[in-house]
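Here is the structure we will look at.
The values are calculated or read from the model by the stated rules, or taken from the named source; none is laboratory data. Predicted model, so just to flag it, every value in this text is computed and none were measured. All Cβ positions, even for glycine, are placed from backbone atoms using ideal geometry, and neighbour counts span all protein chains on display. Please note that ligands, DNA and RNA were not included when accessible areas were found on the heavy atoms of the full protein model with its side chains. Shrake-Rupley method; radii C 1.70, N 1.55, O 1.52, S 1.80 Å.
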Amino acid sequence: MSKTKVAAKDGWFTLDEAAPALIGSRCNGCGTYAFPAEQVYCKNPACDSESFEQVELSRSGRIWSYTNACYQPPAPYIPTTDPFEPFALAAVELEAEKLIVIGQMTPDVSVEDLKIGMPVELVLDVGWEDDEHQYMVWRWKRAG
Amino acid sequence: MHPWGKWGKPFVEYGVKAAREALADAGVEWREVQFVAGANTIRNGYPGHVSGATFAQALGWNGCQISSNYAACASGSMAIASARNRIMAGLCDVALVVGADTTPKGFLAPTGGDRPDDPDWLRFRLQGVTNPAYFAFYARRRMELYGMTDADLAQVKVKNAKAGAQNPYARYRKEFTLEDVQQSPMVADPLRLLHICATSDGGAALVLCSREYAEKKGLANTVRIRAVSTATPTYPSTHLEMPDLATDSAAVVPPPERPFRSAVVYAAYEEAGIGPEDVDVAEVYDLSSAMELDWIEQAGLCGEGEAEHLLRNGDTAIGGRIPVNPSGGLGAFGEAVPAQAIAQVCELTWQLRGQAGPRQVEGAKVGVTANQGLFGHGSSVIVSV
């Protein structure tokens, strides 16, 4: 029996596996973006808006900075492999929204492959699973 | 102070030892103290959250007023501000500030339990982003923008280890060579084990009083707290900060002229009515060796991208033009969160009094501290003779 795929964090990204996107918000008052999506009050101190449109953020961006995890992060992180395999992390700048989002890189690249300014795109991957579900998370993947 | 280490004892013991030492140093009786400001630990259960009362009880209830302060790494400065504000408001003459912690081994991690709405819990659960990963993002930027090298990173550690070796309160009192540091294991590329501060047990305390009280009591060798800043960022904060997985957006509102960390320190300069050119010694939050270089610039001690030049020149070592972290910094201490911002002020106090022994910065008259923690907390304290 195949497991049901669910978002590891509801409402933070779409589950469209071919072209997934982070779900942010655009303020109906001042137009500013936010990720995760703003729900209650706009964070722009000059804006009183309480009304937001949910928007899919740009699916691609450029690496602002990068690193890796040579040791297994502590709980509540759930490792994907046993024994632990180091993974690369990228902080990616989205051009249109002018904000930076952190994510693990897909496991096919290591930190030596990365450069600041490198184009990447958003993909989904299984973060962890239980008997019935696969909990999906976002990853950054080298573009092209 | 209580020496930093991995002692495994209750944090209260460290705080009380530091408090008694501070009172003895000041020549103030505990029974005279009218206000205790505690800096809270999050790791030691309910008592840690009410540190003001916990320390007051451990010293022996004396009926004083209390406050308990939590602001992540800036908790100690918030406790200093709480005591200083009360004195400046004329509500008390003499106050005690105490912070202490007992930490587990390894990475700092969120406290237990499932909290899917807590950004600190989510960054670990969803993406496995530890504190050193954030430090590494900043370090990689420095390498790219300003040409920081692996040898520069190692040199910061060598410098601070040399100072820490002379500090009886430091946890690590061993000197390192460049090779030692450069051969230590990679933790979060480009940061190695010896570039990243450990988590420690420790305690620090200060006695603060009004000028009138000091004069009346004939207290000798006092220093003045000229400013305490715990400023927040200004929207949009476009620098990645723990524990967030994303920055604010600069698509509509341009980023502020002063990014967060430099804003924290410059707010202190403004309150003190001085500028970075007046500073003789600095204690900055070297969570990683690269962050020491960041802070030197953010505190205005040199221009952007020039900190490596200062380091290579020996300007930031004891005996240099502007010594930074003569205590040995977090690299030699490891972080005891609620005690750390207080410990920075202890070091400046000894430096300004000329009591720092082999670590002495000759002729130091003005010192600045800088620190930063999670959730937009940061602090800066300015002390002068």
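For the reader, a short list of remarks on this structure follows.
- Residue check for A:Tyr71: at the interface with chain B (Cβ under 10 Å from one of its Cβ atoms), more than 16 Å from the chain's Cα centre (by Cα) and assigned to a loop (DSSP other than H, G, I, E, B): yes
- Of residues in region B:245-264 being under 21 Å from the mean Cα position of the chain (by Cα) and open to solvent by 30 Å² or more (accessible area, probe 1.4 Å), the one nearest to the other protein chains (Cβ to nearest Cβ): B:Pro259
- Residue match in region B:362-369 (condition: closer than 21 Å to B:Ala79 by Cα, at pLDDT 95 or above and within 8 Å of the chain's Cα centre (by Cα)): yes
- Every residue from region B:1-52 that is touching a strand residue (DSSP E or B) at 6+ places or on another chain (Cβ under 6 Å) and among the hydroxyl-bearing types (Ser, Thr, Tyr): B:Tyr14, B:Thr41, B:Ser51
- Unique match (being touching a helix residue (DSSP H, G or I) at 6+ places or on another chain (Cβ under 7 Å) and touching a residue at least 60 places away in the same chain (Cβ under 8 Å)) among A:Val137, A:Val123, A:Val101: A:Val137
- Any hit, region B:42-56, residues being closer than 27 Å to B:Ala370 by Cα, crowded, with 21+ Cβ neighbours inside 10 Å and touching an Asp or Glu at 6+ places or on another chain (Cβ under 9 Å): yes
- Scanning region A:97-125 for residues that are open to solvent by 60 Å² or more (accessible area, probe 1.4 Å) and either part of a helix (DSSP H, G or I) or facing chain B (nearest Cβ under 10 Å) (or both) yields A:Lys98, A:Glu112, A:Lys115.
- Qualifying residues in region A:35-49 (those that are more than 7 Å from chain B (Cβ to nearest Cβ) and touching a residue at least 24 places away in the same chain (Cβ under 8 Å)) - the one farthest from A:Lys115 (Cα to Cα): A:Ala37
- Residues (open to solvent by 20 Å² or more (accessible area, probe 1.4 Å), farther than 16 Å from A:Phe13 by Cβ and more than 8 Å from chain B (Cβ to nearest Cβ)) located in region A:50-68: A:Glu50, A:Ser51, A:Phe52, A:Glu53, A:Arg62
- Pick from region B:158-203, criterion in a helix (DSSP H, G or I) and open to solvent by less than 20 Å² (accessible area, probe 1.4 Å), ranking: nearest to the other protein chains (Cβ to nearest Cβ): B:His195
- Selected residue [closer than 22 Å to B:Tyr138 by Cβ and small (Gly, Ala, Ser)] from A:Gly127, A:Gly144, A:Gly103: A:Gly103
- Qualifying residue in region B:242-256 (condition: among the hydroxyl-bearing types (Ser, Thr, Tyr), touching a residue at least 12 places away in the same chain (Cβ under 8 Å) and under 30 Å from A:Trp12 (Cα atoms)): yes
- Test for A:Tyr77: is it among the aromatic types (Phe, Trp, Tyr), assigned to a strand (DSSP E or B) and within 7 Å of another protein chain (Cβ to nearest Cβ): no
- Qualifying residue in region B:184-204 (condition: among the polar types (S, T, N, Q) and without any contact (Cβ under 8 Å) to a residue 12 or more places away in the chain): yes
- Count of region B:46-97 residues, restricted to those that are within 12 Å of B:Ala341 (Cβ to Cβ) and not in a loop (DSSP other than H, G, I, E, B), is 11.
- Filtered residues of region B:132-157 (kept if farther than 25 Å from B:Leu108 by Cβ and part of a helix (DSSP H, G or I)): B:Glu144, B:Leu145, B:Tyr146, B:Ala151, B:Asp152, B:Gln155
- Residue count for region A:1-20 under the criterion of being of a type in the set (A, V, I, L, M), surrounded by 17 or more Cβ atoms within 10 Å (Cβ to Cβ) and either within 12 Å of A:Leu57 (Cα to Cα) or facing chain B (nearest Cβ under 8 Å) (or both): the result is 1.
- Whichever residue in region A:83-96 is touching a residue at least 24 places away in the same chain (Cβ under 8 Å) and of a type in the set (A, V, I, L, M, F, W, C) and, among such residues, is surrounded by the fewest Cβ atoms within 10 Å (Cβ to Cβ): A:Ala96
- Any hit, region B:136-145, residues being among the basic types (Lys, Arg), crowded, with 20+ Cβ neighbours inside 10 Å and more than 9 Å from chain A (Cβ to nearest Cβ): yes
- In region B:82-121, residue most open to solvent (accessible area, probe 1.4 Å) [restricted to those that are out of contact with any strand residue (DSSP E or B) (no Cβ under 7 Å at 6 or more places or on another chain) and under 30 Å from B:Cys209 (Cβ atoms)]: B:Met88
- Lone unmet requirement of (1) part of a helix (DSSP H, G or I); (2) without any contact (Cβ under 8 Å) to a residue 40 or more places away in the chain; (3) open to solvent by less than 40 Å² (accessible area, probe 1.4 Å) for B:Ala267: (2)
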